[in-house]
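Report on one structure; see the data block that follows.
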Amino acid sequence: MSISAVDRSLASALNQIYGGNGTSKTQASTGTSSTEDSTLLSPEAMQLSSLFGTNSGQAITLNDLVAFANKKLEEFQKKLKELLEANGIDSSKPVSLAEKSGSGDLEVTNDHPDADKIEQLLAENPELVNLYKTATATLEIAKHSEAQSRFAEAYESNPLAATAQYSYLFNSQYDARVTFSETGYDVSYVQVPRASSLD
């Protein structure tokens, strides 16, 4: 039995992040000996690869996703520093950020003395918040896809053992958190319960 969970989860996750307009169609392969699915992509979906720096129709790799996320985090860090300095906040002190569960707002998770003011400034700058979320959501996809790839490989050898070992993939997800400092940024991941599809 073959599992291509990474391909399916990546497509699904990208669709959740960037939305779908209903123009993509999925069809079963017409080959009689194959059990794999094929996908027809809309012209809009074919352009998605250019977002990650690849040619239209070219596969998007995990490295492409990470490079895209890093570019967005660098852009976010520059704009955050400008925002802090314009509002009299010392940008030399590290700022750790995470998305608040359920609200989508960003919160400061370290003991920064101006945490409340930073959170207020971010709430007033939704484009900046979206830049952060784009980067972290992409990193979360890449992190989860790496784990799913290991699961698929283990599943080929021993389905029961692999399912037991990687059961966390079915009920949790990675939550990326970023600490920004004068020397750059550091990404960490926390496993959190997967949100119900009924929520």
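Laboratory data are not the source of any read-out in this text; all were calculated from the coordinates shown. All values reported here derive from a predicted model rather than from experimental measurement. Cβ: placed from backbone, ideal geometry, glycine included. Neighbour counts: every protein chain shown.
Structural remarks
- Share of pairwise Cα separations in the range 125-190, more than 13 Å, in percent: 70 percent
- Between the beta carbons of residue 153 and residue 125, assuming R0 = 41 Å, the FRET efficiency works out to 0.45 to the nearest 0.05.
- Residue 109-residue 182 pseudo-label distance in nm [points 7 Å out on the Cα-to-Cβ vector]: 2.5 nm
- Computed on the range 63-199, with alpha-carbon pairs under 8 angstrom and 6+ residues apart, the relative contact order is 26 percent.
- In the range 69-199, a dipole from Cβ-located charges (positive for Lys and Arg, negative for Asp and Glu) runs towards its positive end, and of 109, 123, 192 it is 192 whose Cα lies farthest in that direction.
- Counting Cα-Cα pairs of the range 55-182 in 5 Å increments starting at 0 gives whole-percent bin shares of 2, 10, 17, 18, 15, 12, 10, 8, 5, 3, 1, 0.
- Student exercise, the range 50-199 dipole from Lys, Arg, Asp, Glu Cβ charges, in Debye to nearest 20: 360 debye
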